[in-house]
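Take a look at the structure below.
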Amino acid sequence: MTAEHRGGWQLSARAWMVAACLAVAGCATFEQPAVQHEEPRPDVLDAQPVPEPDDDLLYQVLVAELSGAAGDIEQSVAAWRRAMVLTDDPRIAERATQLALYSEMEEAALEAAERWAKLVDEPPVQLHQILGFLYLRDGQAEPAGHHLRHVLVADEQPPEELFERLKSALGTEQARGVALEVVQGLVEEYPGHPAGYRLLAGLALRAGEPALALESADDGLALEPDDRDLALLRVEALLAMGQLDQVLQGLEAMLAAHPGDWQLRLDYARILLDAGYEQKALAEFERLHAERPDNADALYATALLTLEAGYPEEARGYFLALVDLGERLGAAHYFLGRIAEDEGEETAALHWYGMVDGEYADQAGLRRAVILGGQGRIARSREAFDEFRARYPEHAIRAFLMEGEVLRRAARLDEAAELYDEALRAHPDQSDLLYGRALLKVARDDVEQAEADLRRILEQNPDHTHALNALGYTLVDMTDRHEEGFELVQRAYRQEPGDPAILDSMGWAHFRLGNTREALRYLQKAYDRQPDGEIAAHLGEVLWELDERERARQVWREALEREPRHEVLRETLNRLAPAELDQ
């Protein structure tokens, strides 16, 4: 858990919006402005057109109130926005601002807040705060800083409180992009507030500026030497700068000053992991667990960090301890399933996945279906995928793709084709499904139909990297349209030059075009990054052509040890060096 998490960086947009709304006086309902009724003169009635309902202030207010009472917040906000431009009464714009904030409609809230500011002689502090936060989230540094300065100099809210509230307003990429500039300016103009330095140090770390983070943390600690969060931010800055000795010294000094701070010790163990001191970190985790064996939150954090560090057996023990406690059961069952699956213990994995509920239930359902398919229990696997789609329709496309892969690996290509056709009837022209079906058609040697699907993807998105690569490789490998295929692969390569699959396609295209030395360069790079069976087959064939036969055999042998049933690899060996298959 980083210092940023401890400081409340993950509060939702709704949380800060509601807080801002509640800070404004009169947030519930304002008193409607009185309407003066006079007897109209007949000639005036004749001369003036009857106003349309949408141009009538009272009508819009009525629509806004009734829509809000009925729960149609979007319609209510729209009516308040129409109403606010029909009057100079700032209370209408204020109400539009409040409701848009509550509904997380930030663009509407900013428009309404700007209208509100125009209608008052001096915006209240709450409005400055709302505008400052909204401009910040919209990526507008200058107006954000202007309004937040007004809040800092006001007597109604301590600066510390503003800096704390600012943390919760930085949820968007645009906000984080300008926040460092804005907050740095505020802290420079109004020093003396540890919360400001905490915020600035956290932002600097996120922006990849550890030196600024270290400076900010030191400035804050000069004001509050015992501030734990500032001390941790300082440690994280040193860690980012690679100064591991100082990191450990700082943490040990903090632990000596706060011997009973259990969370600090958990942070110490995590940072030991980050710094590469894995054994020392594991010892610390074990000690923490021994001290608080019944603390579910601590046990869960320890289990996750241990698993992340690459110690699945130790993590399994912690997750089993959670099961014994009856705490965090959904997560514990899920991760026990993942550990078992990674260890090849499929029966145990199915057992644990079958017990998962809560936030990991959807992922567990998919993993069960895949494992069943891998065991050859295709009918049961397909039932599990159907059950999953019925329960989680929002994840149906992902389930179709995974089921299609299960069927392809089981060589049930006709069933896979029917599945993709069914999926595309439900989700026409969905690019991932088209891509999956195209790869299946390649496996069935149906180049014409595969090309049709890939071109449909490229009609929707001409720069779809994987479609470009797949189509280019197919044309190079399975047709005589080598030049055309090479051009497509080159387009994919320009977008993702480090992708091993694309490097493999570039190498194979060069080989098909007769550029054998150039092919070797790309294929060696692809193999170094991802030594899978198909890349090994291609690399070996190019080496064979260059008469580097022993090196080719070595590549193939290594690949066979890893993937003895790889189809492309075996076909290549059967064609060029069948003796290798008999060893």
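Laboratory data are not the source of any read-out in this text; all were calculated from the coordinates shown. What you see is a predicted model, and the numbers here were worked out from it, not measured in a lab. Reconstructed Cβ throughout: ideal geometry from the backbone, glycine too, with neighbour counts over all protein chains shown.
Quick notes
- Start at zero, step by 5 Å, and the Cα-Cα distances of the range 531-583 spread as 5, 26, 39, 24, 6, 0 percent across the bins.
- R0 of 35 Å, Cβ-Cβ distance R444-R529: FRET efficiency to nearest 0.05: 0.75
- Packing-based ranking, highest mean first, of 113-121, 94-102 given that Cβ atoms within 10 Å are counted: 94-102, 113-121
- Per principal axis, descending, Cα span of the range 463-520 in whole Å: 26, 21, 13
- Compared with the dominant Cα axis of the chain, that is its longest principal axis, helix 90-102 is turned about 30°.
- Cα-based helix-to-principal-axis angle, 57-69 vs the chain, degrees rounded to 10: 50
- Extension reserve of the A390-R425 stretch, reckoned as 0.36 nm per residue once the Cα distance is removed: 10.9 nm
- Alpha-carbon spread of the range 283-335, three principal axes, descending order, Å: 25, 23, 14
- Full extension of the chain between E286 and E545 yields a length gain of 87.6 nm, computed as 0.36 nm times the residue separation minus the alpha carbon distance.
- If you take the Cα centroid of the range 103-125 and the Cα centroid of the range 412-441, the two points sit 49 Å apart.
- Sorting 237-250, 203-216 by average packing, meaning the other beta carbons within 10 Å per residue, from highest down gives 203-216, 237-250.
- Given charges at Cβ of Lys, Arg, Asp, Glu: the chain dipole, positive-most of A577, V153, L101: A577
- Projected onto planes of every orientation and averaged, the convex hull of the alpha-carbon atoms in the chain covers 38.0 nm².
- Calculated diffusion of the range 425-559, Stokes-Einstein form, Kirkwood radius summed over Cα pairs, 37 °C and 0.692 mPa s, µm²/s: 216
- Pairs of Cα atoms nearer than 8 Å and 6+ residues apart set the relative contact order; for the chain it is 5 percent.
- Peptides ranked, highest mean first, by Cβ atoms within 10 Å: ranges 103-110, 519-526, 321-328: 519-526, 103-110, 321-328
- Potential lengthening between L66 and E181 on full extension [0.36 nm per residue; Cα-Cα distance subtracted]: 37.1 nm
- The range 396-418 residues near the modelled R377 label - backbone nitrogen below 11 Å, point 7 Å along Cα→Cβ: none
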